[in-house]
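The values are calculated or read from the model by the stated rules, or taken from the named source; none is laboratory data. Note that the structure is a prediction, hence the values are computed from the model and not measured. All Cβ positions, glycine included, derive from the backbone under ideal geometry; neighbour counts span all protein chains shown. Quick note on the areas: whole protein, heavy atoms, side chains included, nothing else; ligands and nucleic acids left out. Shrake-Rupley method; radii C 1.70, N 1.55, O 1.52, S 1.80 Å.
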Amino acid sequence: MAPTSTTERRARPLPGRLFGTVATLVLLAGLAACSSEEPEREFLGVQRITVAMHNDLPGLSYSSNYDRSGLDFLMFQHIEEEIDVDFSEPVDVSSGDRVTQLIQRKADMTIASFSITADRMDEIDFVGPYLKTRQGFLVGPDGAGIERLADLRGSQICTWQGTTSVEALEGIRETAGADPVTLTDASDCIEQLIDGQVKAVSTDQAILYGFARQYEKEGLRVVPDVTIGAPQHYGIGLPKGHTADCRRLASWLKKHVGTSSWIRDVETSLPTLIKEDPGWISSHKPSAAEIEARSCRDSISP
């Protein structure tokens, strides 16, 4: 019988038992490789979070030459550090589109001086508040004598679309004898105030103090101790359907507002507010109970 060649030896099939052992080892190696791969990180059902923000509110969320600043932007940076997923560059949003962008998932999170209201809680979730404020009045150089609401009698007061300020101004004719004017956005109102076309601009004081600092040379100032409407509670807007992630963010926020970092952020972003209101912490800092009552709920808890 002729000797078996090397080629024949290599081509000869493996015995059944040995073949099964090799196949098992290959399968186990494959499973080990798969198990070593980490699952994709997600938050709010996505692997990359898109955050919507204002770009025209100095002190809160302002963009100039692609550089953002303000309290809302600092809040965004803290969340970006806290949540272990990727974040896109913030996208712009108008006041009137904040809810719509979340519902349509054009944004996954909104940080935009977004007041928590019962109507909005029907459509989206909130985490917050991270700041409290009241609606007040901003006047120009020709409003030096305005110190009371009655001093605005016979004048026009401007606010802009998509805000709770519109509702608060609805009764201004009866309470102060003034006429409300609703324009498209904040910059329109500020422009008309500087030009003298309106006597005052009315919205949240936190926003007004940002404008007062931005336009200090133009003589804009917030009328002290004159407010209307209910307190405003700024929250982080989220799409509904992500309760666990919402609760996680709320738990973090309750801790964050109790830190020196939160105080420093407000002092850095809204120095005019700090200067005019020495007791600002007691009136603007939310409690853990206020955050619990408004976060991840369909209505405000008693």
Restricting to region 191-206, give me the number of residues that are in a helix (DSSP H, G or I), buried (at least 24 other Cβ atoms within 10 Å of the Cβ) and without any contact (Cβ under 8 Å) to a residue 60 or more places away in the chain. 1
Output the residue which, of all residues in region 83-98 that are in contact with an Asp or Glu (Cβ under 8 Å, 6 or more places away or on another chain) and either of a type in the set (S, T, N, Q) or part of a strand (DSSP E or B) (or both), is farthest from R120 (Cα to Cα). F87
Name the residue that is most open to solvent (accessible area, probe 1.4 Å), counting only residues in region 92-104 that are over 21 Å from G241 (Cβ atoms) and within 13 Å of the chain's Cα centre (by Cα). D92
Restricting region 52-107 to residues that are among the aromatic types (F, W, Y) and at pLDDT 95 or above, the one farthest from W262 (Cα to Cα) turns out to be F87
Residue match in region 262-277 (condition: among the basic types (K, R), within 17 Å of the chain's Cα centre (by Cα) and modelled with pLDDT of 95 or more): no
Which of the residues that make up region 215-247 are closer than 20 Å to L60 by Cα, open to solvent by less than 60 Å² (accessible area, probe 1.4 Å) and in a helix (DSSP H, G or I)? none
Out of (1) surrounded by fewer than 17 Cβ atoms within 10 Å (Cβ to Cβ); (2) of a type in the set (A, V, I, L, M); (3) touching a residue at least 12 places away in the same chain (Cβ under 8 Å), the one L253 does not meet is (1)
Answer with yes or no whether T110 is of a type in the set (S, T, Y), over 19 Å from the mean Cα position of the chain (by Cα) and either open to solvent by less than 10 Å² (accessible area, probe 1.4 Å) or at pLDDT 95 or above (or both). no
Can you name the residue in region 278-291 that is in contact (Cβ under 8 Å) with a residue 60 or more places away in the chain and either within 18 Å of I79 (Cβ to Cβ) or open to solvent by 20 Å² or more (accessible area, probe 1.4 Å) (or both) and, of all such residues, is farthest from the chain's Cα centre (by Cα)? S283
When residues of region 149-190 are limited to those that are acidic (D, E) and over 32 Å from the mean Cα position of the chain (by Cα), the one surrounded by the fewest Cβ atoms within 10 Å (Cβ to Cβ): E174
Between residues in region 120-133 that are closer than 15 Å to A244 by Cα and modelled with pLDDT of 95 or more and residues that are of a type outside the set (A, V, I, L, M, F, W, C) and surrounded by 24 or more Cβ atoms within 10 Å (Cβ to Cβ), which pairs lie under 7 Å by C-beta distance while being six or more apart or on different chains? I124/G237; F126/G235; F126/G237; F126/S295; V127/G235; V127/S295
The condition from (1) touching a strand residue (DSSP E or B) at 6+ places or on another chain (Cβ under 8 Å); (2) part of a helix (DSSP H, G or I); (3) hydrophobic (A, V, I, L, M, F, W, C); (4) under 22 Å from Q205 (Cα atoms) that A112 misses is numbered (2)
